[in-house]
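The values are calculated or read from the model by the stated rules, or taken from the named source; none is laboratory data. Computed from a predicted model, the values in this text were never measured in an experiment. Cβ atoms come from the backbone with ideal geometry, glycine included; neighbour counts cover every protein chain shown.
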Amino acid sequence: MEKIASFTIDHIKLQPGIYVSRKDTVGAEVITTFDLRMTSPNEEPVMNTAEVHTIEHLAATFLRNHPMYKDKTIYFGPMGCRTGFYLLLAGDYASKDIVPLMIEMYEFIRDFEGEVPGASPKDCGNYLDMNLPMAKFLAKRYLENVLYGIDESRLIYPE
């Protein structure tokens, strides 16, 4: 059986960034899958499920309400390894194209106050597994260490 493309990326060299993971054509539309890598794989601790869950709720809410991207957002969700997230957008994009959107989204998460959207027993199957303070901390860290001043080394997968 062939390895899927995401398992061919050298995770020893991979650093936090925004990467195009793949592009798929569905009908006449291109779907771009982004790898939003927030932690350095196998070098630092992975994110805990509570903060991953909180980031997922906040980011999905942000994207699905964004004036330009709400109709282009196909999916936002965590990687099983808990080192980042996948974002699927309708359209043919490069990593650099979504840097402003990611800065806006992670600033929204960093600055969020109040009840996490969808964090209720009626709306979520695991609503108690949330950690807003840690989600805000991780969003701030990603902004400061990666997104603000991002360069090509964090926009294209390492070889």
Q. If we scan segment 16-26, do we find a residue that is in a helix (DSSP H, G or I), touching a strand residue (DSSP E or B) at 6+ places or on another chain (Cβ under 8 Å) and among the hydrophobic types (A, V, I, L, M, F, W, C)?
A. no
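Right, Val30: touching a residue at least 12 places away in the same chain (Cβ under 8 Å), of a type in the set (A, V, I, L, M) and surrounded by 16 or more Cβ atoms within 10 Å (Cβ to Cβ) or not? Step through it out loud before you land on a result.
Details: touching a residue at least 12 places away in the same chain (Cβ under 8 Å): yes; of a type in the set (A, V, I, L, M): yes; surrounded by 16 or more Cβ atoms within 10 Å (Cβ to Cβ): no.
Judged against the criteria, Val30 is not a match.
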Q: Mind listing whichever residues of segment 27-51 are assigned to a loop (DSSP other than H, G, I, E, B) and out of contact with any helix residue (DSSP H, G or I) (no Cβ under 9 Å at 6 or more places or on another chain)?
A: Gly27, Ala28, Ser40, Pro41, Asn42, Glu43, Glu44, Pro45
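Based on what the data block shows, is Phe108 at pLDDT 95 or above, in contact with a helix residue (DSSP H, G or I) (Cβ under 9 Å, 6 or more places away or on another chain), in a strand (DSSP E or B) and of a type in the set (Phe, Trp, Tyr)? Write out each step before concluding.
Values: at pLDDT 95 or above: yes; in contact with a helix residue (DSSP H, G or I) (Cβ under 9 Å, 6 or more places away or on another chain): yes; in a strand (DSSP E or B): no; of a type in the set (Phe, Trp, Tyr): yes.
When the stated conditions are applied, Phe108 does not pass them.
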Q. Can you tell me which residues in segment 56-98 are among the basic types (Lys, Arg) and assigned to a helix (DSSP H, G or I)?
A. Arg64, Lys96
Q | Pair list, Cβ under 6 Å, 6 or more apart: segment 141-159 residue within 13 Å of Phe34 (Cβ to Cβ), other residue assigned to a loop (DSSP other than H, G, I, E, B) | A | Tyr157/Ile9
